[in-house]
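Following: one structure in structure tokens, then a few remarks.
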Amino acid sequence: MKQTVSLTVNGQSVTAEIDPRTLLAQFIREQLQLTGTHIGCDTAQCGACTIHMNGRAVKSCSMLAVQANGAQITTIEGLAPGEDMHPMQEAFRDCHALQCGFCTPGMVMAATAMLQDNPNPSEEQIREGLEGNICRCTGYHNIVRAVQKAAQA
């Protein structure tokens, strides 16, 4: 039995008939073809699937798409308009805060949401704010530097 879901994704209205068991991350990647939202663990531990839902960072692998019905969703593709980069994306680039890049979209989405709540975080607050996102390559030092740089921008 299909269920209708309607939401706004990156400023565009989307309505689709989906299996009610479809995870939000699957819906975003497979039906909307927005593949910047990564699926790393399927258990909400790694944070690679982090998106913004109604302005808050959420892990899209831990909720059903029908739970997002009526919501405003922003993925990494919708974070900045056109060809421009968001200041957080620029800071990640400038501070070399990525290696393989798999965690980067989720890390950027979590960091931008964190700065909405705390625009001038300390290093400790940044590390605590990103503890739900795992990077297996960088050691986090440059990620923290990137968030500090974006906070200053």
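Quick note: the coordinates plus some simple rules give every number you see, no bench work behind them. Source: prediction; values computed, not measured. Here the Cβ positions follow ideal geometry from the backbone for every residue, glycine too, while neighbour counts run over all protein chains shown.
Some points to look at:
- The radius of gyration of the Cα set in the stretch 48-127, together with its Dmax, comes out at 13.1, 38 angstrom.
- Dividing the helix sum by the residues of the chain, where each DSSP H run of 4 or more adds -39500 (n - 2.57), gives a mean residue ellipticity at 222 nm of -8000 deg cm²/dmol.
- Sites residue 21 and residue 116, calculated FRET efficiency, Cβ-Cβ separation with R0 41 Å, nearest 0.05: 0.85
- A Förster radius of 22 Å combined with the Cβ-Cβ distance from residue 85 to residue 131 puts the calculated FRET efficiency at roughly 0.30.
- Label positions at residue 13 and residue 93, each projected 7 Å from the Cα along the C-beta direction, are separated by 3.4 nm.
- For the chain, the spread of Cα coordinates along the three principal axes comes to 48, 29, 25 Å, biggest extent given first.
- Order of 149, 2, 59 - criterion: other Cβ atoms within 10 Å of each residue's Cβ, fewest first: 2, 149, 59
- Per residue, the convex hull spanned by the Cα atoms of the stretch 87-152 amounts to 68 cubic angstrom.
- Expressed in units of 2.2 N^0.38 Å, where N is the residue count, the Cα radius of gyration of the stretch 3-78 is 0.95.
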